[in-house]
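Accompanying notes for the structure given below.
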Amino acid sequence: MSARLLLFTGKGGVGKTTLAAATAVALAAGGRKTLVVSTDPAHSLGDALGVPLGPAPVEVDGGPHAAQVDPRALVDASWHDLRGHLRTVLAGAGVDELAAEELTVLPGVEELLALGEVRRFAATGPWDVVVVDCGPTAETLRLLALPEALASYLERLFPTHRRVVRGLLASLAGSRSPESWDATADALGRLAEHLAQLRDLLTADTTGVRLVLTPERVVAAETRRTATALALQGVRLDGVVVNRLVPHPGDGTGPAADWLRTRRAEQEAVLAELDLGEVRTAEHRAGEPVGLPALLELAGGLYGGADPLAGTGVAGAALDVARVGDEYELRLTLALGDAEPALARVGDDLVVTVDGRRKLITLPSLLRRCVVVGAELDDTGLAVRFRPDPDLWMR
């Protein structure tokens, strides 16, 4: 996939849809083949562009192409057969029919299929850039975590080495035909491949998330938590956009100017504490920007003369392992703010939990033969100390 992928998200009501649409309009005006697509269950992309939209991309007044994904229709079209295959495996493993039916109703399947549709657009269309208007941050973080979580879940239930051996599942089948189980193995293999492709899409260098916020302390706090969660998941934070910054009144006098001056000072104080590197800003406008001309004007104020595709270089997470005396140190370089991470060792994995978001770190073979002896948190991230386990070190 050669298309750049920009995902816009933010707390509900901050204007992410409008800014995603404005970015797409500016990119198209600059000569790039651009698709803007909404995966937000509460679609409003068509309202921002001023045109009705459906699941198939359509050109908007000589500007970008646009579409609104219908997750319910995707579920009806492609999930039914896979659920049937999963019921077959679970029933063969001794799970009764009612429980198997409940287990195959996976939460988040609509978001997963919507992400798959975005991947299809990016991989098969003529686009230089695909701009995605995602749902609010909570839904988006769940969406971005789903491919890795479901792939891990699938591998634990039906390991690859079992799926690829013909007839092995049939040994559990009882009265079911070997052909039915082979078809199920094929379906599970396709699902595993699909999840791997989605994970690759989200962590690719050509994919980035732009966080939209309004300059309010509650919204800024959620944005910082979201930036941490993205870094934990290995998804690149492409930039931060601050929307609805009130105009500065200058030397104006009177109650209105005093209110603007006070409000602007409050907003600037929030921005000073944001600590997410360079941010782009869009001032609050008297009129609602609807339609291509208004969106293009908004993008002009947001990006100035800069390329709308250029990110602002927000740092992500990095992992390093080093020897320190008789111990080994694994360092997770990550802006954690005030968050206190929790650690757990699960087999060959280290589980890091920050603000309810988990990162599963598969330990290198060296550290799998060690035990955790301590951890320290500083301004640059988290350092976990390991000591060789004498029962395992010589094996």
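The values are calculated or read from the model by the stated rules, or taken from the named source; none is laboratory data. The shown structure was predicted, so the numbers you read here are calculated from the model rather than taken from an experiment. Positions of Cβ are backbone-derived with ideal geometry, glycine not excepted, and every protein chain shown enters the neighbour counts.
A count restricted to the stretch 286-295 and to residues that are outside any helix (DSSP H, G or I) and surrounded by 14 or more Cβ atoms within 10 Å (Cβ to Cβ) stands at 3. Can GLU268 be described as assigned by TED's automatic domain parsing to the domain that holds LEU6, closer than 27 Å to PRO52 by Cα, assigned to a helix (DSSP H, G or I) and modelled with pLDDT of 90 or more? It is false that GLU268 is assigned by TED's automatic domain parsing to the domain that holds LEU6, closer than 27 Å to PRO52 by Cα, assigned to a helix (DSSP H, G or I) and modelled with pLDDT of 90 or more.
Once the stretch 24-65 is narrowed to residues that are farther than 16 Å from PRO293 by Cβ and small (Gly, Ala, Ser), the residue that is modelled with the lowest pLDDT is ALA42.
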